[in-house]
Amino acid sequence: MASKILIIGACGQIGTELTMALREKVGNQNVIASDIREGSPELMASGPFEVADATNFEQIQDLVIQYEIDEVYLMAAMLSATAEKFPMKGWALNMNSLFHVLNLAKDKKLSKVFWPSSIAVFGPTTPKQDTPQTTVMEPTTVYGISKQAGERWCEYYHNKFGVDVRSIRYPGLISYKTLPGGGTTDYAVEIYHEALKNKKYTSFLKEDTELPMMFMDDAIRATISLMEAPAENVKIRSSYNLAALNFTPETLTKAIKKHIPEFEIDYAPDFRQAIADSWPSSIDDSRAREDWGWQHEFDIDRMTEEMLEGIKEVHHV
Ligand SMILES: NC(=O)c1ccc[n+]([C@@H]2O[C@H](COP(=O)([O-])OP(=O)(O)OC[C@H]3O[C@@H](n4cnc5c(N)ncnc54)[C@H](O)[C@@H]3O)[C@@H](O)[C@H]2O)c1
């Protein structure tokens, strides 16, 4: 029997594509999408959808029992830029939702859990280049503090209660199907939309701010391949470093200009600059490559082609 999957926060930037990819893989009826709001027409039409609040234990437990769920992907969270505006709400959502899912797994109602962490777990005292898997972690954002605490709890539930929880520290994710949800790397998505629509963009990060990034297809492949890896290969139970690209707004502009030569960028850094400055520029992900065979496929040029074509097709620009 195919295992039944519940995706919490399925209508967001990652959840939308993850839901579609898993439905393609294990069958539409075996992947239950849930969120506090409805998602894209494609997502809503392709399989079961339930409204549920990730902070409400009873609602999540009811879904797990009703659909005989084996695996949960917990994608609901408040992202870095938004959580700076609503610190207590961000903390409550990010932590309570994780405890609910970990506790269901501890009570043997789930066999496997995926929970995403972020490069935001690192801080200004972390080595910025090729940030190692294990290093100084002193995050300075509400979001980063919640992700770091979450990682510690994941490892704790694994060690103490045998919970099979798996996690990735995603870099900034770039996609065209769904808009990003209030993170510090959102500029790298907005820039493509504006390049096509208005041929100019004002970046909220400075031209030389280098951050680790990844095209969504790579992130989805990484997520599913980590979840499919034999348990004994998943040696890190806090969260894996994962990398593909590093670039600045200036480098990204050059890649876009190859397709839209008249594209222009200017810079008006806001509060998100300080968040970006506290994060790594590049990540050492050799443990993910060794333990479960991670390999990225998209470089900046291939990603740029896909983004421009994809936005034209999906958003009719
Ligand atoms: N997108 C990125 O670049 C990135 C990078 C690193 C880590 N992550 C992590 O990946 C996960 C998913 O990120 P995303 O970019 O898809 O976020 P998103 O903001 O696009 O989507 C989050 C979804 O969660 C839903 N949600 C919010 N509150 C909820 C609640 N109480 N109950 C149920 N659903 C709720 C929202 O409606 C939204 O559809 C998050 O944990 C995020 O921290 C994302």
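Being touching a strand residue (DSSP E or B) at 6+ places or on another chain (Cβ under 8 Å), within 11 Å of the ligand (Cβ to nearest atom) and outside any strand (DSSP E or B) is the filter here, so list the residues in the stretch 158-185 that pass it.
Answer for the stretch 158-185, where residues must be touching a strand residue (DSSP E or B) at 6+ places or on another chain (Cβ under 8 Å), within 11 Å of the ligand (Cβ to nearest atom) and outside any strand (DSSP E or B): Ser167, Pro171, Ser175, Pro180, Gly183, Thr184, Thr185.
Which one of Arg23, Arg37 is open to solvent by less than 10 Å² (accessible area, probe 1.4 Å) and of a type in the set (Lys, Arg)?
Arg23
Count, please, the residues in the stretch 208-240 that happen to be within 25 Å of Thr19 (Cβ to Cβ), crowded, with 20+ Cβ neighbours inside 10 Å and not aliphatic (A, V, I, L, M).
So the answer is 6.
Do you know which residues across the stretch 1-35 are assigned to a loop (DSSP other than H, G, I, E, B) and either without any contact (Cβ under 8 Å) to a residue 24 or more places away in the chain or under 16 Å from the mean Cα position of the chain (by Cα) (or both)?
Met1, Gly9, Ala10, Cys11, Gly12
For the stretch 105-125: of the residues being surrounded by 22 or more Cβ atoms within 10 Å (Cβ to Cβ) and assigned to a helix (DSSP H, G or I), which is farthest from the ligand (Cβ to nearest atom)?
Ala105
Please go through the stretch 69-90 and give me each residue that is assigned to a helix (DSSP H, G or I) and away from the ligand (no atom under 13 Å from the Cβ), ordered by number.
Passing the criteria: Glu84, Lys85, Pro87, Met88.
For residues in the stretch 25-57 being under 18 Å from Asp70 (Cβ atoms) and of a type in the set (D, E, K, R), which is nearest to the ligand (Cβ to nearest atom)?
Among those residues, the one meeting the criterion is Glu50.
Quick one: in the stretch 134-147, which of the residues that are in a helix (DSSP H, G or I) and either more than 12 Å from the ligand (Cβ to nearest atom) or more than 16 Å from the chain's Cα centre (by Cα) (or both) is farthest from Tyr240 (Cα to Cα)?
Among them, the one singled out is Val142.
Which one of the conditions (1) closer than 18 Å to Phe114 by Cα; (2) away from the ligand (no atom under 15 Å from the Cβ) does Gln66 fail to meet, given that it meets all the rest?
(1)
The values are calculated or read from the model by the stated rules, or taken from the named source; none is laboratory data. Worth saying up front: this structure is predicted, and the values here are computed from it rather than measured. Every residue, glycine among them, receives a Cβ derived from its backbone with ideal geometry; neighbour counts consider all protein chains shown. Remember, those area values only see protein heavy atoms, side chains included, never the ligands or the DNA or RNA. Shrake-Rupley method; radii C 1.70, N 1.55, O 1.52, S 1.80 Å.
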